[in-house]
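Every read-out reported here was derived from the displayed coordinates using simple, explicitly stated rules and does not represent laboratory data. Treat the numbers as computed from the prediction; the structure is a model and nothing was measured. Note: ideal-geometry Cβ built from the backbone for every residue, glycine included; neighbour counts use all protein chains shown.
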Amino acid sequence: MRRQLLRWYGRHRRSLPWRAEPGERAEGYRVWVSEIMLQQTRVATVIPYYRRFLERFPDPAALARAPEAEVLAAWSGLGYYRRARQLQAAATIIVERYGGQFPLDAAAARALPGIGEYTAGAILSIAGGLRLAAVDGNGLRIACRLTRRALTLAQARALWAQWLAPRRAGEFNQAVMDLGATVCTPRGPRCEACPLRRVCRSRDHVPAVRPRPAARAVTADYGWLLGGGKAWLCQRSPAARQMSGLWELPTATPSEGATPLLILRHTITNSRITARVFRVRAPAGAGRWWSREQAFQAPLTGLARKMLLRLWPSPLALSLPAGKPAASFPGRARSQP
């Protein structure tokens, strides 16, 4: 099984910016950042963010000393912003305790904010060569199919610890990752292309995957206001459950018959949002004025970034035709600059 999987990986390994060349050892910081970004986020989405993040924060020291707003701005659009805050908190510890080098020790790595058993196993096996399995949802799914048993995550970890190639643990774990991403996928697995076909008890008879719960449809209305070449944005409360402290367009209540400037779709976890943006006449809420350059360097929500890319600059955003219905803000308006 090990030989088959590693041979397949040698031929079909994905070329990813955080991976070292064959025969070389990956750098701990690069692997760590990639693993945090890849939590609940697709590889294709992560790649451009990863490259920009590494350019801005090339090592733990640069990440630790950066203002939090800059880190969140670089993360803006990836979602789950708690990951970015934990990443920076861990970078501070790495600088203070480990001389700016990611600790390639299981106990030290697990003690860092945001690093659990899977993430530690992935980083330490890939960057440090430690004999640790890295088992996430992909690894659990593959183990269930190989054994044709309904395993718990703990049971799957125990099996992968037995199956692990001890001298090539990092490559083995990355092979499992690639197998789950490209061949043994949740839906429509390509059993005919699987290197483990001969030892798999579920080959060609993979049980149906339970359908995903239906997404919750949500409609949200926002306001758009320019004054003196600047846009009015509001900051989410630091106590907010999601995206605390990030900046976004303020909410608005559209007047009857108002025509939205923009309608777009946005998905967050299990919510499918229809976002409507209306032109408004006055600022309100806990906000401030931002120039275009400042706004795109600010820690924006992913939805706000989408909106600004579409709205600014835009001929529609520069003037309000006479008689055009507008939206109104809840709360007290503030004077324009």
**Complete:** Rounded to two decimals, the Debye log10 I(q)/I(0) of the chain (Cα scatterers, no solvent) at q = 0.09, 0.10, 0.14, 0.15 Å⁻¹ is -0.61, -0.72, -1.10, -1.19
**Request:** Please report, in debye to the nearest 20, how large the charge dipole of the stretch 1-157 is about its Cα centre when each Lys and Arg carries +1 at its beta carbon and each Asp and Glu carries -1 there.
**Result:** 980
**Fill in**
Cα extents of the stretch 93-228 per principal axis, largest first, Å, are 68, 47, 25
**Message:** For the stretch 1-140, take N as its residue count and report Rg(C-alpha) divided by 2.2 N^0.38 Å.
**Reply:** 1.04
**Highest-MSF residue in the chain out of 264, 226, 300 [GNM, Cα springs under 10 Å]** = 264
**Message:** Suppose every Lys and Arg Cβ carries +1 and every Asp and Glu Cβ carries -1, with no other charges. What dipole size does the stretch 139-296 come out with about its Cα centre, to the nearest 20 debye?
**Reply:** 680
**Message:** Using Cα springs under 10 Å in a Gaussian network model of the chain, which residue among 146, 63, 246 shows the largest mean-square fluctuation?
**Reply:** 146
**Message:** What distance in nm separates the two pseudo spin-label positions at residue 62 and residue 263, each 7 Å out from Cα along the beta-carbon direction?
**Reply:** 4.3
**Message:** Connecting C-alpha atoms closer than 10 Å in a GNM of the chain, tell me which of 17, 213, 189 has the biggest fluctuation.
**Reply:** 213
**Asked** Does anything in the stretch 209-252 have its amide N under 13 Å from the 7 Å Cα→Cβ label point of residue 312, and if so which residues?
**Response** 223-235, 247-250
**Prompt:** How much FRET efficiency would the formula 1/(1 + (r/R0)^6) give for residue 167 and residue 52, where r is the Cβ-Cβ distance and R0 is 35 Å, rounded to 0.05?
**Reply:** 0.50
**Item:** Net length gained if the chain between residue 15 and residue 182 were fully extended (0.36 nm per residue, minus Cα distance)
**Value:** 58.8 nm
**Prompt:** For the stretch 1-77, max minus min Cα coordinate along each principal axis, in Å, sorted largest first?
**Reply:** 47, 23, 17
**Between helix 28-37 and the chain: long-axis angle, C-alpha atoms, 0 to 90°, nearest 10** = 60
**Message:** Within the stretch 16-45, list the residues whose amide N lies under 18 Å from a label point set 7 Å along Cα→Cβ of residue 242.
**Reply:** 39-42
